[in-house]
1. What ³J(HN,Hα) values, in whole Hz, does the Karplus curve 6.51 cos²θ - 1.76 cosθ + 1.60 give for the range 102-119 when θ = phi - 60°, with x put for Gly and Pro?
2. Would you mind checking the radius of gyration and Dmax of the chain based on alpha-carbon positions, in Å?
3. Mind pulling the angle between the C-alpha long axis of helix 75-87 and the longest principal axis of the chain? Nearest 10 degrees, somewhere in 0 to 90.
4. Does a label point 7 Å from the Cα of residue 196, set along Cα-to-beta-carbon, have any residues of the range 117-136 with amide nitrogen under 14 Å, and which are they?
5. For an R0 of 25 angstrom, estimate the FRET efficiency from the Cβ-Cβ distance between residue 43 and residue 64 and round to the nearest 0.05.
6. Normalised by the number of residues in the chain, what is the relative contact order in percent for Cα pairs under 8 Å and 6+ residues apart?
7. Which value, in debye to the nearest 20, describes the size of the charge dipole of the chain about its Cα centre when Lys and Arg Cβ atoms bear +1, Asp and Glu Cβ atoms bear -1, and nothing else is charged?
8. If you take the charge dipole of the range 101-241 about its Cα centre, with +1 on Lys and Arg Cβ and -1 on Asp and Glu Cβ, which of 128, 208, 149 is farthest toward its positive end?
Amino acid sequence: MFNQHFTRRVPTQAKWMFVLVILPLYVYCGSLILSALFKFVIIQFQLEFDYNQLNAYLNLIFDVFLLGLAGWLLKDSMLEQWRDFKKNLKQYLIEGCVIGVLLIYACQIIGGLITMALGGNQASENQQFIETITTSYPALMIFVSCVLAPVLEEMLFRGIVFGWIYEWNPKMAHLISSFIFGFIHIMSAVFNGNTAEWIQIFSYCFMGFVLSYLYEKNNNIYVPILSHMMNNMISMCMLLL
């Protein structure tokens, strides 16, 4: 049963900005442009940059830019939902910090079993890449993974994609937003020719479905943001401790 009280709608401006600007930047152009610019500066001024350090700062700059753009597009809705979050703080904390995290881990276990049954590795290339950078730059990656990325991804894939599709088909909203969320976590490997990485998509898609479920159930985007943050924080603690 879908939540008949889900009232969040996406401004028309946000819809078209997502299609014409945010999605192309997120999928391909943004990282390419920034990478080319950084390499030009490094070569021009004969700077020394470690590859992992370069990628860490590229991710930070790119995510901050997109977060600012998404925040501007959704500012009215985000402020309204923040006021609602504070009014129902206890309920939303339980939903986000306990129920959401447990559901995510249950779905990730199922997704991981499916991936391994199909012959995939236990960790995706995306996860291995994050672990490599985190080992070298823990403070930066903790901020990006535990604060910046969860807020940005929830605003984009739940706040815009899910909310937009939900207006005409709630079931498709869950499926499409979860698939897109899963794909962006494997797209670098797939675009680089590693098509076998497709089987890593299950855990990410299942996590995306949990997050869209939490958003719909609570009618508040800060609940999936909280679950996403908690999930990434636990992963970071397991990696660093």
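Taken together, the values in this text are just the output of simple stated rules run on the coordinates, not laboratory data. Being a predicted model, the structure only gives us computed values, none of them experimental. FYI the Cβ positions are ideal-geometry reconstructions off the backbone, even for glycines, and counts take in every protein chain you see.
1. Along the range 102-119, the couplings run 4, 5, 4, 5, 5, 5, 5, 5, 4, x, x, 5, 5, 4, 5, 5, 8, x Hz.
2. In order Rg, Dmax, the Cα atoms of the chain give 18.0, 60 Å.
3. 60
4. 117-125
5. 0.55
6. 31
7. 680
8. Result: 208, furthest along the dipole toward the positive end.
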